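Worksheet: one structure, shown below.
All of the numbers you see were taken from the coordinates with simple rules; none came from a lab. A quick note: this is a predicted structure, and the numbers were derived from the prediction, not measured. Here the Cβ positions follow ideal geometry from the backbone for every residue, glycine too, while neighbour counts run over all protein chains shown.
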Amino acid sequence: MAQVKALIQQHIGSSPVLKALIQNMGFIPIIDRNLPVDPRRGGPTHGEAVAGMVACLLQGICALSRMEPCAAEEPVRRTLFPHDEANAWHDDHLGDTLAGIWKFGPGALQGTVTAHLRQTFNVHVDQIHDDTTSFKVFGRYAAQDEAAAAAERGAEVPLGAPATARPPVRLVPGHRKDHRPDLNQVKGGLAVSADGGVPLLWEAQDGNQADVRTDVEYGLKGKELVGRTDFLCVGDGQWATQHHLLAIIQHQGRFLAPLPGYAGIPQPLEEWVLTNTVEDLLPRREASGKELWSRGVCRPYRLVDAERRPYPCAVHILCNPRWRAEKHAHLERRLQKTQTCLEGLPKRLGKRTLKSREASAPVLEAIMRRYQTRDVLTYRIVETATTRKRYRERGRPAAEASYEEVSEVHWSVDWQWLPEAIEHANMLSGYFPLITHDPSLTTAQALAVYQEP
């Protein structure tokens, strides 16, 4: 046996596992085939640069300018690409790779890589889950102003257009998901497979782009990626609009999503919940191993298009004790916060801008709109006129001083809860309606698919 002359110890972390994963994914040669490298370029190829950026992201390094100083010390980089020097990972080199990806088309390149991953890892795409989120951004960019000017001129790119035909995303205000109304944002949409949560589609979008447009685009791209339309689209209530659901049906697709605004269930569903007497018991085991029982019932539903053509659907109405307890506690918190605001309101009435009935009513409506309690209380603004004596002159009044009578108007709010409305809201709390176009899904299967981790 050969004698070991020296033993070198080095912390490599997860680099061997990451190297094996990247090699099995095989996206480096795919990117290199589609993005030819300039002969004058040295250092890592475009595919290797993408792999290096992925490795850095997994290590918590997000800024391109930080990759070069970390390349000499990062064991992942040395394990993956030992033949490249650390100074080859500067931000200009990586920026050239990103520019090449944009010129080729991020969507087209992503589709090529995803198709290879599906075949390599045998990913099943019978179910696709998609959702959107937002990211806050700081500062301004020249491309942002140019894109905003193009949008004001009415230049809109049609759905399904290649990425190279699209302008850069606009950093504009939109629906805030991180509670920072002072900053612009950019949105991102992601679609993953239910089989392992493998990312299938990803795209950066304008900060104010509607989720409905995003999901329609993802439906078209998913059709091209999978090669068929009968996969089950699972989304949230933001894209469960009649227009979007009808578009999926007309493209021979399937969907499963909660009906929007289920906290205030639409009238037909409300009648089903209040008049229903028989419900199925649905066992559900959580990741912790604890078994929970839900109640569910299925009811027929119809979507009607502009030409009055009906499309049969099914609504699975679900409820479990935990959801119900959470909704009850949430309602109690909203009632308590509303009461606190209303009790402190008389101190503000009659001062500054709140000196009339017309000025006070919007403040009351804003409080109830904020805490969603307009349907469970009633109020009226009371006007009380009083008179008092006021000394006509300045200073301390003398014994025979003259006074004048002054009329004053005082405002107060007389409000009270509606017990029947509160009881009605508690009765409906915890119910969760899922709408689907797939007749083969039972209530238990719909619950399991929607809660797929």
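Some observations on this one:
- Förster radius 25 Å - calculated FRET efficiency between His251 and Leu190, Cβ distance, rounded to 0.05: 0.75
- Gain on full stretching of the segment that runs from Lys5 to Gln23 - 0.36 nm per residue minus C-alpha separation: 3.3 nm
- Computed over the chain: relative contact order in percent, which uses C-alpha pairs under 8 Å that are six or more apart: 11
- For a straight C-alpha distance cut-off of 30 angstrom, the lysines reachable from Lys355 (same-chain residues fewer than eight places away being disregarded) are Lys337, Lys347, Lys389.
- Sequence-distant lysines (8 or more away, or on other chains) whose Cα lies within less than 28 Å of Lys223: Lys103, Lys187
- Prolate/oblate/rounded call for the stretch 15-104, Cα gyration tensor, a/c under 1.5 rounded: oblate
- Length added when fully stretched, Lys389-Thr241, from 0.36 nm per residue minus Cα-Cα: 47.0 nm
- Only one item in (i) 147; (ii) 168; (iii) 309 matches volume of the Cα convex hull per residue in Å³ derived from the coordinates shown, and that item is (iii).
- Estimated FRET transfer efficiency when R0 is 56 angstrom, pair Gln336-Gln119 (beta carbons, to 0.05): 0.50
- Long-range HN-HN contacts of Glu203 with modeled amide H, under 5 Å: Gly189
- Mean-position separation - Cα centroids, the stretch 416-452 and the stretch 64-114, in angstrom: 47
- Selection of GluC sites (Glu not before Pro), the stretch 331-418, meeting DSSP coil and at most 12 other Cβ within 10 Å: Glu393, Glu400
- Per-residue HN-Hα couplings for the stretch 227-233 [Karplus 6.51, -1.76, 1.60; θ = phi - 60°; Hz; x = Gly/Pro]: x, 7, 10, 8, 6, 8, 8
- Restriction of the trypsin sites (Lys or Arg not before Pro) in the stretch 332-369 to DSSP coil positions whose beta-carbon has at most 12 other beta-carbons within 10 angstrom yields Lys351, Arg352.
- Low-density loop cleavage sites - trypsin sites (Lys or Arg not before Pro) in the stretch 31-83, where at most 10 other Cβ are within 10 Å (DSSP): Arg40
- Cα→Cβ-extended label distance, 7 Å offset, between Trp102 and Tyr311, nm: 3.7
- With the largest listed first and rounded to whole Å, the semi-axes of the equivalent ellipsoid of the stretch 76-132 from the Cα gyration tensor are 30, 17, 11.
- A simple spin-label model places pseudo-atoms 7 Å from Cα toward Cβ; at Thr133 and Leu183 they are separated by 1.4 nm.
- Fewest-first ranking of Lys389, Lys187, using other Cβ atoms within 10 Å as the exposure measure: Lys389, Lys187
- Estimated FRET transfer efficiency (Gln416, Glu365; beta-carbon r; R0 25 Å; 0.05): 0.90
- Potential lengthening between Arg374 and Thr275 on full extension [0.36 nm per residue; Cα-Cα distance subtracted]: 33.2 nm
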